[in-house]
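Visitor: My questions will all concern the structure given below.
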Amino acid sequence: MRIAISTGGGDAPGLNAVIRAVVLSAHARGWECFGVRRGFRSIMTGERTNPLDGFLALGPDEVRGITHLGGTILGASSHGNPFRWPKILEDGSVMEVDRSDELVEAFRKAEIGALVVIGGDGSLKIAYELTKKGVPIVGVPKTIDNDVYGTEATFGFDTAVSTATDAIDKLHSTAESHDRVMVVELMGRYAGWIALHSGVSGSADVILIPEIPFSIDRVCQKIMERESRGRRFSIVVVAEGARPQGGDLVLQDEAGVGRVERLGGIGAVVAEEIATRTGKETRSLVLGHLQRGGSPTTFDRLLALRFGAAAVGAIASGRLGTVVVYAPPEVKVVPLADVVGKQRLVPLDSGIIQTARSLGTSFGD
């Protein structure tokens, strides 16, 4: 048996732990294991004179001592969709072409018996489409946003929340020293899990998430209420996908050929509005990719290792076209078709939201 591993999309703490678990679990069964580097790019680019060109042989030696490391030894890419591969034309323009058949043929020639795709919603969608072309796949959900449908948690989320909470903790002292409003923008394209968990844990006064469109008037009202009680500073946590009532997302870059839209900038917009409306000195901070980096927490390491071992177990039992998910306290396997095309958003009746409201936190609504 020969299996391969791919890590697509953005990186997340715990990726290396999944890779190690897959490799060691496969090795224990006497299987060969190979890595596909930079998403699928290593076998979609360059010369291929050997069926295993673009594949990286992985054994116990190659994955020794990587559980605690952030990032991925296989590299990652957000621009490797074989169904929408960017092709540069002679006039310099770019068009998208479907090269999925080439990828399927590469797996066939390399005699890959199963592929473990570690990725978020985008990568799992690609995996699902590849299963329709006959590629035997088991998916592993990965995103710091925690928005993959069907799993209670994705590895990397707990680490990102810990990083964000630590940053919010540090902002309190400088905000109070200068009587400032500090606005911190966190990741979270369409789901506000990071902002919600770290905002509540870090005692933020206002938390703005994509699921609850906000009124800047209500945000400022909360800040001035604190001012009237002698609390002359405030902490505002904003998910990058938060938007005002009746307004649009704030983007850094529009979607185009071969790339997706990049969110960012809502924190600066909110900070400027607060300063204008309240007269308070206001600063904004974008935590950005710090949330993706660093060693995974104990929870993320353990979840990643469980996911990797479960993926190999699913292959061994013939449960292909599936994805492993966390359904506490168990790790289970569900069909890919049940997961792709859906998002796990923060429920408006979430117990954490209710807790935050009880503590006096404003969501700007």
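Laboratory data are not the source of any read-out in this text; all were calculated from the coordinates shown. Since the structure is predicted, the reported quantities are computational estimates derived from the model, not experimental observations. Neighbour counts run over all protein chains shown; Cβ positions are idealised from the backbone, glycine included.
Visitor: Quick one: 3J(HN,Hα) in Hz for the stretch 111-117, Karplus 6.51/-1.76/1.60 with θ = phi - 60°, rounded, Gly and Pro as x.
Guide: 6, 7, x, 6, 10, 9, 9
Visitor: Another question, then. List the GluC sites (Glu not before Pro) within the stretch 1-76 that DSSP assigns to loop and that have no more than 12 neighbouring Cβ atoms inside 10 Å.
Guide: Details: sites: 32, 47, 62; in loops: 47, 62.
Listed in order of number, the matching sites are 47.
Visitor: Let me ask something else about it. Just how many % of Cα pairs in the stretch 249-365 lie over 18 Å apart, if you round to the nearest whole percent?
Guide: 75 percent
Visitor: By its C-alpha gyration tensor, with a ≥ b ≥ c as the square roots of the eigenvalues, how is the stretch 136-224 shaped: rounded for a/c under 1.5, else prolate for a/b larger than b/c, else oblate?
Guide: It is oblate, given that a/c is not under 1.5 and a/b is not larger than b/c.
Visitor: Magnitude of the Cβ-charge dipole of the chain, K/R +1 and D/E -1, about the Cα centre, nearest 20 debye? Before the final figure, lay out each step's value.
Guide: On the way: 40 positive and 43 negative charges, 141 e Å.
Result for the chain is approximately 680 debye, rounded to the nearest 20.
Visitor: For the stretch 263-338 and the stretch 159-227, what is the separation of their C-alpha centers, rounded to whole Å?
Guide: Answer, in whole Å: 18.
Visitor: Continuing with this model, one more query. GNM on the chain, C-alpha springs below 10 Å: top fluctuator among 303, 124, 15?
Guide: 303
Visitor: Separate question: Could you identify which residue out of 146, 81, 50 has the top mean-square fluctuation in a GNM of the chain using Cα springs shorter than 10 Å?
Guide: It is 50.
Visitor: What is the fewest-to-most order of 78, 215, 228, 25 by other Cβ atoms lying within 10 Å of their Cβ?
Guide: 228, 215, 78, 25
Visitor: If you don't mind, another one. Which of 39, 136, 317 sits closest to the plus end of the dipole of the chain, meaning its Cα is farthest towards the positive end, when Lys and Arg get +1 and Asp and Glu get -1 on the C-beta?
Guide: 317
Visitor: Can you pull the semi-axes for the chain, root of five times each eigenvalue of the Cα gyration tensor, sorted largest first, whole Å?
Guide: 41, 22, 17
Visitor: Let me confirm the definition first: pairs of Lys residues in the chain, 8 or more apart or on different chains, C-alpha distance under 14 Å. How many are there? Display every interim value, and only then the final one.
Guide: Values: 125/133; 125/142; 125/342; 222/280.
Lysine pair count for the chain: 4.
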